[in-house]
Amino acid sequence: MLEFYLLRHFIAVAETRSFTRAAAALNSTQPVVSRTIKRLEEIVGTPLLHRTTRSLSLTPAGEAFLGDVRLAVDQIAVATEKARRIGRGPRAKLRIAACPSVDPLFFAGGLQDFRSHWPDVELELKPINGLLQERALLSAEIDIGICHCSASERSPDLDFAYLAREAPMVVVPAIWKLGLQSARLEYFRETRWIFPDREVAPREFERLLQICRKSGFEPNIVATACNSAESALLLSTGYGAMFALRSESGPDPLRGYDFIEIEDYIDDYRDIYIAWVQSASSEIIADFVNRVVPDRNPPVHTERLSLAANFALVPTALVAYLSLGEMIPFY
């Protein structure tokens, strides 16, 4: 009968090519390991090792056996951990929603730090626009929201922590060949503009309008779009320019578009905040906020230790979120 310790000893010998080194790795002795391998070969019915006075190598049968044994040991480890998790009961879950326009780099480091300290907490990350996050937080559908918002947009029912600031850029069709890295906004006084649909996104429309007016001109709005697909189509065909966030330019800007930095932009409404419901906070939520915003003062405190767990984990949530971030949404 093949016992688990026989397999562990064989893997150690095969990887170290030495009974002595394998014994040290296994916290055993050389004679014990040697006898173990001999017994394993008797059970298998064929030599697994080729021994000489100076070297130790695997036979062809040993090479084949090693590959299968490694898979078996890995499967046993996975099964053991799965049984332990089930025995411990349901895992805590942290449900995070982020605006697709928020660059993941702003919170990726804190997320990794949190994961290393809370390995048993199940993370769920999904893309939700900022206007819908407040509703999702208050209805306990999510635990954390990450979004762009201004002071006037912060709900009194939620707590907020400042994370970062993003400045918008002007995006123009590459076929315009402006050749600009940056420019004052007034440079675009005569430019044709694509704005978000006023009925679909009235606040975004008004904000962009005010940005232009602060620079001393009334934008020539030639088209409006209801979603990112429409705006991207209009932009790619050279219909007009539009506003986008700095993070959307990325390290490798999207083909067909040129991103131009606005030199005189001083408004602050593109600040990124983390939002949560204080009354529903937990030790896990508080620690996440403190790790993502490490210089937060004072830090978040809580006495509670519970998380709602109404949603199943979506393994592709992060991939879906990142793919949405590649679009060019109005903000």
Filtered residues of the stretch 20-62 (kept if charged (D, E, K, R) and under 19 Å from TYR5 (Cβ atoms)): ARG21, ARG35, LYS38, ARG39, GLU41, GLU42
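Conditions (1) within 17 Å of GLU166 (Cβ to Cβ); (2) free of Cβ contacts under 8 Å to residues at least 12 places away in the same chain; (3) assigned to a loop (DSSP other than H, G, I, E, B); (4) out of contact with any Leu (no Cβ under 6 Å at 6 or more places or on another chain), marked per residue:
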site: LEU111; (1), (2), (3), (4): no, no, no, yes
site: LYS126; (1), (2), (3), (4): no, no, no, yes
site: ALA136; (1), (2), (3), (4): no, no, no, yes
site: ALA140; (1), (2), (3), (4): no, no, yes, yes
site: CYS147; (1), (2), (3), (4): yes, no, no, yes
Number of the condition not met by SER182 [criteria: (1) surrounded by 14 or more Cβ atoms within 10 Å (Cβ to Cβ); (2) modelled with pLDDT of 85 or more; (3) among the small types (Gly, Ala, Ser)]: (1)
Meets criteria (at pLDDT 90 or above and either touching a Phe, Trp or Tyr at 6+ places or on another chain (Cβ under 9 Å) or assigned by TED's automatic domain parsing to the domain that holds CYS149 (or both)) for PHE205: no
Residue that is modelled with the lowest pLDDT [pool: residues in the stretch 215-237 that are among the polar types (S, T, N, Q) and not in a helix (DSSP H, G or I)]: ASN227
Residue ID - nearest to LEU208 (Cα to Cα), chosen from residues in the stretch 238-262 that are at pLDDT 85 or above and in a loop (DSSP other than H, G, I, E, B): GLY240
Condition check for GLY87: of a type outside the set (A, V, I, L, M), modelled with pLDDT under 80 and assigned to a helix (DSSP H, G or I): yes
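The values are calculated or read from the model by the stated rules, or taken from the named source; none is laboratory data. Keep in mind it's a predicted model, so treat the numbers as computed, not measured. Backbone-built Cβ (ideal geometry, glycine too); neighbour counts: all protein chains shown.
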